[in-house]
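What follows is a single structure, written as structure tokens, with notes after it.
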Amino acid sequence: MASTRKAVLLVAEAVTLAHYGRIATLSRALPASKYRVIVAADPRFRALDAIPGVDFHPIWSIPSSQFSQALALGRPLYDAPTLMRYVEEDLALIDAIRPDLVVGDFRLSLAISAPVRNVPYASVANAYWSPYADIAYPVPDLPFTRLTGIGLGQALFDLLRPLAFALHARPLNQVRRHFGLQSLGNDLRAVYSWGNYTLYADAPELIPTRPLPANHRHLGPLLWSARAPLPEWWGRLAEDKPVVLLTLGSSGRADLLPMALAALSELPITVIAATAGKTDLGDVPANAFVADYLPLDLAVQRSRVVICNGGSLMTYLAMASGVPVLGICSNMDQMLNMNAVKNTGAGLSLRAALVLPAQLKEAVRSLLDTPTYAAAAGQAGKRFRQVDAGQRFLEFVAEVLG
């Protein structure tokens, strides 16, 4: 019976926790009775979710610090030699597993290795990276914006964005041509989202798009939480003060945590903070409790406000529980996502490069004291709960594999 099961290979580019968490969520949607499920990822985040019941294959991803530095400097995330290494490892993995379908979350090299082996490939992406997204693109925090300011920096970015997107798309197109594949063009969005199928991990009402082709579809928000134990201080949280969750995740500005904790110590709140193991905070204010990692689903449910880096994984988890969000954003991905959150009325955002303690405190006060933010988050959460992204993914796999 086992030999008749179709093999589905799910690959996460574990430069951030979000890509691993989304693949972990999708892997759980496929019943072992029908599919042979294989997950491949760099094992750096595996301790947070070992995904029991699936066959795990370790692969290499560039260090998260290297990825974050490239984002901060506005450089292409991968050069051609790195992508060549990725493709070679992908091909060895595909040859060993012989999957019937490959699903990848930001493993850009799969846009080469899957077609080379003639295996159908489904790319998981956020809809704001779709070539069909009907949105504006904010200038991220880059070295030149420190000189120009945001206003002039945005004007320059709008002018130069097509060139910048083309430069970022170039390495993947170079490697595609090496393997005899056509270029994906000069639009970075096509590089980030290309697949035989493209699956958007978003609610369609959050990211406006032009009409999508038949091979593009929305799964809905993919909700994931680390399988971390509750810390020993969990039972000592005050019941008479609002709880604010602070976590800047694996791709946020961890260096801002001390400033944020100091600012929040001046408010009548209790802070629960997760450092993602990225910084040693030393002295912690009396109103704060800190752990490396938290079971974020429980932490969100205990909180009145979530402060995060603005990424989709954390913001969707907060909104699913009706909790408003403050995003402290630095890269374009975070800013694009928080623009969508703000458009729902469920949150506020600040630029990481410019945030001051007074701004942070004022934003948290607004989210706590203005009922419309929580109401908007509650409405978004209600819509999220009406969508079963795992079931949609299972139906997609069944449709593709027959």
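The values are calculated or read from the model by the stated rules, or taken from the named source; none is laboratory data. Model, not experiment: these values are computed from the prediction. With ideal geometry, Cβ positions are generated from the backbone for all residues, glycine too; neighbour counts draw on all protein chains shown.
What is the one condition in (1) under 30 Å from residue 95 (Cβ atoms); (2) in contact with a strand residue (DSSP E or B) (Cβ under 9 Å, 6 or more places away or on another chain) that residue 133 does not satisfy?
Here residue 133 meets the rest and fails (1).
Looking at 130, 113 in this structure, which one is of a type in the set (Gly, Ala, Ser) and closer than 19 Å to residue 22 by Cβ?
One residue alone meets the criteria, 130.
Being surrounded by fewer than 23 Cβ atoms within 10 Å (Cβ to Cβ), of a type in the set (A, V, I, L, M), touching a helix residue (DSSP H, G or I) at 6+ places or on another chain (Cβ under 9 Å) and touching a residue at least 12 places away in the same chain (Cβ under 8 Å) is true for just one of 332, 338, 319. Which residue is that?
Values: 338 fails: surrounded by fewer than 23 Cβ atoms within 10 Å (Cβ to Cβ); 319 fails: surrounded by fewer than 23 Cβ atoms within 10 Å (Cβ to Cβ).
Result: 332 is the single residue among 332, 338, 319 that is surrounded by fewer than 23 Cβ atoms within 10 Å (Cβ to Cβ), of a type in the set (A, V, I, L, M), touching a helix residue (DSSP H, G or I) at 6+ places or on another chain (Cβ under 9 Å) and touching a residue at least 12 places away in the same chain (Cβ under 8 Å).
Any idea which residue in the stretch 237-258 is farthest from the chain's Cα centre (by Cα), counting only those that are aliphatic (A, V, I, L, M) and modelled with pLDDT of 95 or more?
Applying the first criterion (aliphatic (A, V, I, L, M)) to the stretch 237-258 yields 237-238, 243-246, 248, 254, 256-257.
The next check asks that each one be modelled with pLDDT of 95 or more; those that pass are 243-246.
Values: 243: 24, 244: 21, 245: 18, 246: 17 Å.
Of everything passing the filter in the stretch 237-258, 243 is farthest from the chain's Cα centre (by Cα).
Taking the condition of being within 21 Å of residue 318 (Cα to Cα) and either surrounded by 19 or more Cβ atoms within 10 Å (Cβ to Cβ) or free of Cβ contacts under 8 Å to residues at least 40 places away in the same chain (or both), how many residues in the stretch 170-229 meet it?
Result for the stretch 170-229: 15.
Do the conditions hold for residue 91, that is, is it aliphatic (A, V, I, L, M), within 24 Å of residue 60 (Cα to Cα) and in contact (Cβ under 8 Å) with a residue 12 or more places away in the chain?
yes
Yes/no per residue for (1) free of Cβ contacts under 8 Å to residues at least 12 places away in the same chain; (2) at positive phi; (3) over 20 Å from the mean Cα position of the chain (by Cα); (4) in a loop (DSSP other than H, G, I, E, B):
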residue: 7; (1), (2), (3), (4): no, no, yes, no
residue: 10; (1), (2), (3), (4): no, no, no, no
residue: 23; (1), (2), (3), (4): no, no, no, no
residue: 32; (1), (2), (3), (4): no, no, yes, yes
residue: 37; (1), (2), (3), (4): no, no, yes, no
residue: 51; (1), (2), (3), (4): no, yes, no, yes
residue: 56; (1), (2), (3), (4): no, no, yes, no
residue: 62; (1), (2), (3), (4): no, no, no, yes
residue: 76; (1), (2), (3), (4): no, no, no, yes
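Return the only residue of 113, 65 being among the small types (Gly, Ala, Ser), assigned by TED's automatic domain parsing to the domain that holds residue 175 and at pLDDT 95 or above.
113
Got a sec? Which helices (runs of 4 or more DSSP H) wholly within the stretch 285-402 have at least 2 residues that are among the small types (Gly, Ala, Ser) and under 21 Å from the mean Cα position of the chain (by Cα)?
Values: elements: 296-301, 312-320, 332-344, 357-369, 371-385, 389-401.
Correct list: 312-320, 371-385, 389-401.
Here's the yes/no breakdown for (1) touching a Ser or Thr at 6+ places or on another chain (Cβ under 7 Å); (2) surrounded by fewer than 21 Cβ atoms within 10 Å (Cβ to Cβ):
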{"residue": "261", "(1), (2)": "no, yes"}
{"residue": "268", "(1), (2)": "no, yes"}
{"residue": "271", "(1), (2)": "no, no"}
{"residue": "274", "(1), (2)": "yes, no"}
{"residue": "278", "(1), (2)": "no, yes"}
{"residue": "282", "(1), (2)": "no, yes"}
{"residue": "285", "(1), (2)": "yes, yes"}
{"residue": "290", "(1), (2)": "yes, yes"}
{"residue": "295", "(1), (2)": "yes, yes"}
